[in-house]
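Read through the structure below, which is laid out as structure tokens, and then see the notes.
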Amino acid sequence: MSDRPVFSQDIIAIIWDFDKTLTPKYMQQPLFEAFGVDGASFWKEVNALPAYYAQAGIRVNPETCYLGHLLAYVERGRMKGLTNEKLRQLGALIKFYPGVPEIFAELNAVLKQPAFEKWGLELEHYVVSTGLRAMIDGSAVAEYLHGIWACEFIEQPAPPRFPDGVPESGPISQIANTLDNTTKTRAIFEINKGVNKVDGISVNDSIDEEDRRVPIRNMIYIADGPSDVPSFSVIKKHGGIALAVYNPDEPRELKQVNTLRKNGRVDHLSPADYRPESPTTHWLKLQVTEIAERIASEKQHGLAARRGTSPTHLESEGTK
């Protein structure tokens, strides 16, 4: 049996939060506008839901209870006929910070240098979000992503003892999958172990560090605030890089992320401006370069350690 690692570990992963990280507003804004719903009122209702349901002894997750409230809007006719396809279409209307989606190609170009290409180094981008998977799928960044973790809806639920076939389409009616700011860490470990790329691997499998697809020290995690502290902590604990970004037009956001920096939660903070000339883009390119240089160096030293020394002629007296 070979003692070589299962994966070559030549991948760098950038994991992006979505709302307020890539976008100045929540992704649901085009959805509200399409159905004439006041977004501020919707989120005010959502913030009141934990106390509302507590009256009945029901505890809801404040980070994901908005999903059920969206379904209530569909059921009560405020978002009549909302389907996953409609969400994908609305995703195309999401507005991003300057430099998005061009930043993905900018960062990918870093590994096109011959010194990195010869080792087969690759950069992968992921979105891990408490937002809506269908809207991200329909957005301008989707084509650059190697995976998306987010919340999803079922349209028509399977009936009891359902026959073989495909699910029926229709308005969304049930929650299929949720992701909150704690379970985002599970996504990190799924990327780490290769669960998203290789069948038969579970996030709960015990896998040696040298056998994992993307070591966390090869990851950069980018998000906007305190709600991502669990993910920041996992990334930093295992040697990855944590970046907090903020809206340069919102002084309160700068203060918020600066607190994260002072408390050692992140490595760096930077404005959410991803244009080529921005400090944020320059900093991200530097991090990708330094990770790539480390990987290349490790591969060079690993090759030297495995390579046998070629025989040479011994010098003897009288030879020229």
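The values are calculated or read from the model by the stated rules, or taken from the named source; none is laboratory data. Model, not experiment: these values are computed from the prediction. Note: ideal-geometry Cβ built from the backbone for every residue, glycine included; neighbour counts use all protein chains shown.
Just to be sure before I move on: is Leu82 assigned to a loop (DSSP other than H, G, I, E, B) and more than 16 Å from Pro30 (Cβ to Cβ) in the structure I sent? Don't jump to the end; show me each part of the working.
Details: assigned to a loop (DSSP other than H, G, I, E, B): yes; more than 16 Å from Pro30 (Cβ to Cβ): no.
So Leu82 fails the test.
Just to be sure I understand the filter: pairs with C-beta atoms under 7 Å, separated by 6 or more residues or on different chains, first member in region 139-153 and within 21 Å of Glu63 (Cβ to Cβ) and of a type in the set (A, V, I, L, M), second member in a helix (DSSP H, G or I) and modelled with pLDDT of 95 or more. Which pairs pass?
Ile148/Arg133; Ile148/Ile136; Ile148/Asp137; Ala150/Arg133; Ala150/Ile136
Might you check whether a residue that is assigned to a loop (DSSP other than H, G, I, E, B) and in contact with a Ser or Thr (Cβ under 7 Å, 6 or more places away or on another chain) occurs anywhere in region 59-75? Spell out the reasoning first.
Here is the first cut: in region 59-75, the residues assigned to a loop (DSSP other than H, G, I, E, B) are 59-64.
Narrowing the set further to residues that are in contact with a Ser or Thr (Cβ under 7 Å, 6 or more places away or on another chain) leaves 63-64.
Scanning region 59-75 turns up at least one residue that is assigned to a loop (DSSP other than H, G, I, E, B) and in contact with a Ser or Thr (Cβ under 7 Å, 6 or more places away or on another chain).
Just give me the residues in region 165-189 being hydrophobic (A, V, I, L, M, F, W, C) and in a loop (DSSP other than H, G, I, E, B), in sequence order.
Result: Val166, Ile172, Leu179.
Can you say whether Ser297 is at pLDDT 95 or above, among the small types (Gly, Ala, Ser) and either more than 30 Å from Pro251 (Cα to Cα) or not in a loop (DSSP other than H, G, I, E, B) (or both), as far as the supplied structure shows? Full working, then the answer.
Values: at pLDDT 95 or above: no; among the small types (Gly, Ala, Ser): yes; either more than 30 Å from Pro251 (Cα to Cα) or not in a loop (DSSP other than H, G, I, E, B) (or both): yes.
Spelling it out, it is not the case that Ser297 is at pLDDT 95 or above, among the small types (Gly, Ala, Ser) and either more than 30 Å from Pro251 (Cα to Cα) or not in a loop (DSSP other than H, G, I, E, B) (or both).
I'd like to verify a number: residues in region 88-105 that are within 20 Å of the chain's Cα centre (by Cα), in contact (Cβ under 8 Å) with a residue 60 or more places away in the chain and crowded, with 17+ Cβ neighbours inside 10 Å, how many?
The total comes to 7.
Collect the residues in region 170-201 that are under 24 Å from Leu87 (Cα atoms) and of a type in the set (A, V, I, L, M, F, W, C), keeping them in residue-number order.
Going residue by residue through region 170-201, those that are under 24 Å from Leu87 (Cα atoms) are 170-181, 183-184, 187, 196.
Scanning region 170-201 gives Ile172, Ile175, Ala176, Leu179, Ala187.
Okay, residues lined up against (1) out of contact with any Cys (no Cβ under 6 Å at 6 or more places or on another chain); (2) assigned to a loop (DSSP other than H, G, I, E, B); (3) among the aliphatic types (A, V, I, L, M); (4) within 25 Å of Ala187 (Cα to Cα):
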residue	(1), (2), (3), (4)
Ser231	yes, no, no, yes
Gly239	yes, yes, no, yes
Asp249	yes, yes, no, no
Lys255	yes, no, no, no
Leu260	yes, no, yes, yes
Arg265	yes, yes, no, yes
Arg275	yes, yes, no, no
